[in-house]
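See below for the structure under consideration.
The values are calculated or read from the model by the stated rules, or taken from the named source; none is laboratory data. Owing to the predicted nature of the structure, the values given are computational and were not obtained by experimental measurement. Every residue, glycine as well, gets a Cβ built from its backbone with ideal geometry; the counts of neighbours run over all protein chains shown.
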Amino acid sequence: MMKKFIIPIASLLFAGLFATFSTAHGFKAGDIEIGHPHARAMVPGAKVGGGYMNITNNGSTDDRLVSVSSDRAASAEVHLMSVDGGVMTMRPVSGGLVVPAGKTVELKPGGYHIMFMSVTQPFKAGEMIKATLTFEKAGAVDVEFSVGNAGGPSGGGDHSTMDHKNMDHTDMGGMDMSKPQ
Ligand SMILES: [Cu+2]
């Protein structure tokens, strides 16, 4: 009789453990450490998705994220989102994203992000999206972006669930709006 109950509880604990483990993931290449690469689930039909993470440079010289690729996207770029004359804009970071020596650069909604473009199968919650980040000095590092939920009722999510083409980034999370225009 007891066995019936023991098994589900054990698997529940295991699932919980696995979830904890998989969200705290990180990757390393030389002096570069990639912390928790993640992406939001995309709505059906969406063609672009945003990717976020922390990049730490433990070395004594600056490095640079020069390219990003993924099987799931025809192309990928590093973008910077900013407010220009009250209008939210995004542009590719030319020359690569500099990661200064001894510093951490945060890619997050409202700031720097990886833009996956021409995605044929929208990212689904629970998936891991394989990608390769190439640094000028540290070289190539394979990472996996964990895909979270599309966002709860609060909508406190990020812009990757929205139609990026229109640059309609209604989520201002993480953006400093206090700057004079
Ligand atoms: Cu973008």
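Below is a table of values for the structure above.
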quantity: So H159, is it more than 12 Å from the chain's Cα centre (by Cα) and modelled with pLDDT under 90; calculated: no
quantity: Some residue of segment 91-110 being over 20 Å from G139 (Cα atoms) and crowded, with 19+ Cβ neighbours inside 10 Å; calculated: yes
quantity: Some residue of segment 132-153 being at pLDDT below 95 and aliphatic (A, V, I, L, M); calculated: yes
quantity: Filtered residues of segment 56-79 (kept if more than 15 Å from the ligand (Cβ to nearest atom) and either within 15 Å of the chain's Cα centre (by Cα) or free of Cβ contacts under 8 Å to residues at least 24 places away in the same chain (or both)); calculated: T56, S67, S69, R72
quantity: Positions within segment 65-76 being surrounded by fewer than 18 Cβ atoms within 10 Å (Cβ to Cβ) and in a strand (DSSP E or B), in sequence order; calculated: V66, S67, S69, A74, S75
quantity: Evaluation of V98 against (1) within 16 Å of the ligand (Cβ to nearest atom); (2) within 27 Å of D31 (Cα to Cα); (3) hydrophobic (A, V, I, L, M, F, W, C) (one fails), failing number; calculated: (1)
quantity: Those residues of segment 113-123 which are at pLDDT 95 or above and part of a loop (DSSP other than H, G, I, E, B), in sequence order; calculated: Q121, P122, F123
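Yes/no per residue for (1) under 16 Å from the mean Cα position of the chain (by Cα); (2) more than 14 Å from the ligand (Cβ to nearest atom); (3) closer than 25 Å to P44 by Cβ:
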site	(1), (2), (3)
M81	yes, no, yes
M88	no, no, yes
T104	yes, yes, no
G111	yes, no, no
F116	yes, no, yes
V119	yes, no, yes
